[in-house]
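Student: Take a look at the following structure, please.
The values are calculated or read from the model by the stated rules, or taken from the named source; none is laboratory data. The model shown is predicted, which means the values in this text are computed figures rather than measured ones. All Cβ positions, glycine included, derive from the backbone under ideal geometry; neighbour counts span all protein chains shown. Please note that ligands, DNA and RNA were not included when accessible areas were found on the heavy atoms of the full protein model with its side chains. Shrake-Rupley method; radii C 1.70, N 1.55, O 1.52, S 1.80 Å.
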Amino acid sequence: MRNTELFYRNVLMNGIKDMVYIMEYQNGRFLYSFINQAVKDLAGFDDSIIDKPLDEVVPNEKASFLAEKYKKVVDTQEIVVYEDDYPSISGEIRYGENKLSPIFNEANVCTHVVAVVKDITEQKKAEQIAKKSKEMLIEGKERYQSLFDYNLDAVITLDFNGLLITGNHALETMSGYSIRELTGRSYLRLIKPGHIKKAKLYYDKALNGVPEEFRLSVKHKDRKQVEIIAKFSPIVVSDEIVGVYVICKDITEQIRFREKFTESENIFEIITEHSRDLITMLNSEGEYIYASPSYKEVLGYYSDEFLGKKFYHNIYPDDVEHLKKTFYLSKEKGEPWKEQFRQKHESDDYIWSELHGSPVYDEDGQFKQMVVVSRDISTLKNYESKLENFAYHDELTGILNRRYFIEHLEKTLKSNKGLGNRFAIIMIDLDKLKPINDTFGHDVGDAFLQEFTTRVNRVIRESDTFARLGGDEFAIFIPQIDSIQSVTNVAKRITSVLDTPWMIADESISIRASIGIAISNLKTESAHRLMKAADEALYEVKNAGGNNYKLNYI
């Protein structure tokens, strides 16, 4: 019988990979009666917690939460299942599915609760990623829908059979038909009879994965002819071509312009005279020999002002050397010249531009000129800058976020390797912010967080990095600390801004903060170790009641 007991105990201890807790219910309290090896490996507990009550082992808030779940099992005598998070032995927050089962004595009284905790961290992470991806898809769809609807070129999507699925406003203008009239109909009904064969050819090419751009004549509803440049591209979903995407640029007006000139007129000149892009020709020394009239519209200068000058004369100084190098490289190797750069506007501002240059050679292979087409991409650059700002800043408070904080910390540690500089990490956790949200609403809680970040920014140095890690957690990275006193002074200034109640949305708000500080040694530490040390100090403060700070030296 003894061997059987040992066998089953060994199964519980080592044979079950999920975490197993057995809690004894005694005089209204729950005491740890048994933990298996998985608990020791994953949660970091040891046998010293056996016979100890729940609220002496885990923080008060967590203990109250768990006791409520265990008490429900005792009261209902039924199995309770719920999901919860727990700190792993490495400090990482992980997620578990908890199944609580009652154990009864001979009198059918529930004396113990068995908790089996299955780690579902990876599943949770996958769900979070899926949720984020869905949000990004929805955001992307909303953001780019206007690009589709208000594109000046007609945009069409065709299914595998050449039937129209969607089209934009420009298609209605170009064809004279409403989208409703065209939906579900073959795109060939829009094509001039003499061009149907060519349209079919390029549609088939697109279905075979070959995008093509070509000229077509289409029929307007009013029977007038419209000249277009059409680009047929395959629509690929999950590596399978499911239709064709068509962009149609109406060139009817350009054709009419060309017809106004005699056949001897240079077509290049016609295009440049009416283009909003900057069209330029440079000689072998990089000097302007031609500049299109659009220079006046785009840069505010007359094109004649550029003739004979070096192409980089009005380029932003930091961009000059790279542009010179790539210009001569393109000229020597005969490769296309493509760059993004900043050039000066007549207003003394600099605008972002993108150029596409093509070197031209004579029959003997000697460089003749560089034909350059450039356009203003300032709007695109501003958009990219905003995206980068979103990626590294907290949406609510506007300060830096966790991603930037960790990347900046790692980069700083790496660049200071071997220099012997000391650093400090200050972790801040606002005590009991949740009751404020519950009492006054999340709008007041959000306003408090915004005001808190404003006040903290006033009491730290400009060289310090202040970030919101999430929820009510914040962090400050202090590089090259002068003394321990200077770091603790920062902590004191932070607690001082919370000493008196704040008036937020006509509500008097009082709150305190727990602060953990990690001070590095003279050797470069890893970002993970610094943050973990600060976090451990913070939780010691929280467990002691909060409203204080603690230092942790590593």
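Student: Which of the residues that make up segment 215-228 are open to solvent by 50 Å² or more (accessible area, probe 1.4 Å) and within 25 Å of Ser178 (Cβ to Cβ)?
Tutor: Lys219, Lys221, Asp222, Arg223, Lys224, Gln225
Student: Moving to a separate point now. Taking Asp41 as the residue in question, decide whether it is assigned to a helix (DSSP H, G or I) and either of a type outside the set (A, V, I, L, M, F, W, C) or open to solvent by less than 70 Å² (accessible area, probe 1.4 Å) (or both).
Tutor: So Asp41 passes the test.
Residues checked against (1) over 27 Å from Lys125 (Cα atoms); (2) open to solvent by less than 80 Å² (accessible area, probe 1.4 Å); (3) in a loop (DSSP other than H, G, I, E, B):
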{"residue": "Glu61", "(1), (2), (3)": "no, no, no"}
{"residue": "Leu66", "(1), (2), (3)": "no, yes, no"}
{"residue": "Asp75", "(1), (2), (3)": "yes, no, no"}
{"residue": "Asp85", "(1), (2), (3)": "no, yes, no"}
{"residue": "Ser90", "(1), (2), (3)": "no, yes, yes"}
{"residue": "Tyr95", "(1), (2), (3)": "no, yes, no"}
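Student: Out of (1) small (Gly, Ala, Ser); (2) touching a Gly at 6+ places or on another chain (Cβ under 6 Å); (3) in a strand (DSSP E or B); (4) closer than 17 Å to Phe405 by Cα, what's the single condition that is false for Ala534?
Tutor: So Ala534 meets the others, but not (3).
Student: Is there a residue in segment 520-530 that is open to solvent by less than 70 Å² (accessible area, probe 1.4 Å), assigned to a helix (DSSP H, G or I) and within 19 Å of Tyr553 (Cβ to Cβ)? Spell out how you get there, then give the answer.
Tutor: At the first step, the residues of segment 520-530 found to be open to solvent by less than 70 Å² (accessible area, probe 1.4 Å) are 520-521, 524-527, 530.
Remaining after also requiring assigned to a helix (DSSP H, G or I): 527, 530.
Imposing the further condition that a residue be within 19 Å of Tyr553 (Cβ to Cβ) reduces the set to 527, 530.
Yes, that holds for at least one residue.
Student: Also, quick follow-up: Is one or more of the residues making up segment 327-338 surrounded by 14 or more Cβ atoms within 10 Å (Cβ to Cβ) and touching a helix residue (DSSP H, G or I) at 6+ places or on another chain (Cβ under 8 Å)?
Tutor: Yes, segment 327-338 contains a residue that is surrounded by 14 or more Cβ atoms within 10 Å (Cβ to Cβ) and touching a helix residue (DSSP H, G or I) at 6+ places or on another chain (Cβ under 8 Å).
Student: Return the residues of segment 274-317 that are of a type in the set (Asp, Glu) and in contact (Cβ under 8 Å) with a residue 24 or more places away in the chain; say none if nothing qualifies.
Tutor: Answer for segment 274-317, where residues must be of a type in the set (Asp, Glu) and in contact (Cβ under 8 Å) with a residue 24 or more places away in the chain: Asp277, Glu285, Glu287.
Student: For segment 205-214, state whether one or more residues are closer than 25 Å to Phe257 by Cα, without any contact (Cβ under 8 Å) to a residue 24 or more places away in the chain, open to solvent by 80 Å² or more (accessible area, probe 1.4 Å) and assigned to a loop (DSSP other than H, G, I, E, B). Break it down stepwise before answering.
Tutor: Here is the first cut: in segment 205-214, the residues closer than 25 Å to Phe257 by Cα are 213-214.
Then keep just the ones that are without any contact (Cβ under 8 Å) to a residue 24 or more places away in the chain; that gives 213-214.
From the residues that got through so far, the ones that are open to solvent by 80 Å² or more (accessible area, probe 1.4 Å) too are 213.
So of that shortlist, the ones also assigned to a loop (DSSP other than H, G, I, E, B) come out as none.
Checked segment 205-214: no residue is closer than 25 Å to Phe257 by Cα, without any contact (Cβ under 8 Å) to a residue 24 or more places away in the chain, open to solvent by 80 Å² or more (accessible area, probe 1.4 Å) and assigned to a loop (DSSP other than H, G, I, E, B).
Student: Consider Ile509 carefully, then state whether it is on the phi < 0 side of the Ramachandran plot, touching a helix residue (DSSP H, G or I) at 6+ places or on another chain (Cβ under 6 Å) and not charged (D, E, K, R).
Tutor: The answer is yes for Ile509.
Student: Among the residues in segment 534-553, are any open to solvent by 50 Å² or more (accessible area, probe 1.4 Å) and under 25 Å from the mean Cα position of the chain (by Cα)?
Tutor: no
Student: Could you grab me the full set of residues in segment 21-38 that are open to solvent by less than 60 Å² (accessible area, probe 1.4 Å), closer than 24 Å to Asn543 by Cβ and without any contact (Cβ under 8 Å) to a residue 40 or more places away in the chain?
Tutor: Correct list: Gly28, Leu31, Tyr32, Ile35.
Student: Name the residues in segment 452-496 that are part of a loop (DSSP other than H, G, I, E, B), surrounded by 17 or more Cβ atoms within 10 Å (Cβ to Cβ) and among the aliphatic types (A, V, I, L, M), would you? I'd like the intermediate steps shown before the answer.
Tutor: First pass over segment 452-496, keeping only residues part of a loop (DSSP other than H, G, I, E, B): 460-464, 471-472, 479-483.
Checking the rest, the ones that are also surrounded by 17 or more Cβ atoms within 10 Å (Cβ to Cβ) come to 472, 479.
Within segment 452-496, no residue meets the criteria.
Student: Which one is most open to solvent (accessible area, probe 1.4 Å) among residues in segment 163-181 that are over 27 Å from Asp204 (Cβ atoms) and of a type in the set (S, T, N, Q)?
Tutor: Applying the filter and picking the extreme gives Thr173.
Student: I'm told Ala505 meets every condition in (1) in contact (Cβ under 8 Å) with a residue 24 or more places away in the chain; (2) within 30 Å of Asp443 (Cα to Cα); (3) in contact with a strand residue (DSSP E or B) (Cβ under 8 Å, 6 or more places away or on another chain); (4) not hydroxyl-bearing (Ser, Thr, Tyr) except one. Can you identify the failing condition by its number?
Tutor: Every condition holds for Ala505 apart from (3).
Student: For Lys434, indicate whether it is of a type in the set (Lys, Arg), open to solvent by 10 Å² or more (accessible area, probe 1.4 Å) and assigned to a loop (DSSP other than H, G, I, E, B).
Tutor: The answer is no for Lys434.
Student: Then there's this: Would you mind stating whether Ser48 is outside any strand (DSSP E or B), out of contact with any His (no Cβ under 9 Å at 6 or more places or on another chain) and within 16 Å of Asn543 (Cα to Cα)? Steps first, please.
Tutor: Working: outside any strand (DSSP E or B): yes; out of contact with any His (no Cβ under 9 Å at 6 or more places or on another chain): yes; within 16 Å of Asn543 (Cα to Cα): no.
For Ser48, the condition - outside any strand (DSSP E or B), out of contact with any His (no Cβ under 9 Å at 6 or more places or on another chain) and within 16 Å of Asn543 (Cα to Cα) - is not met.
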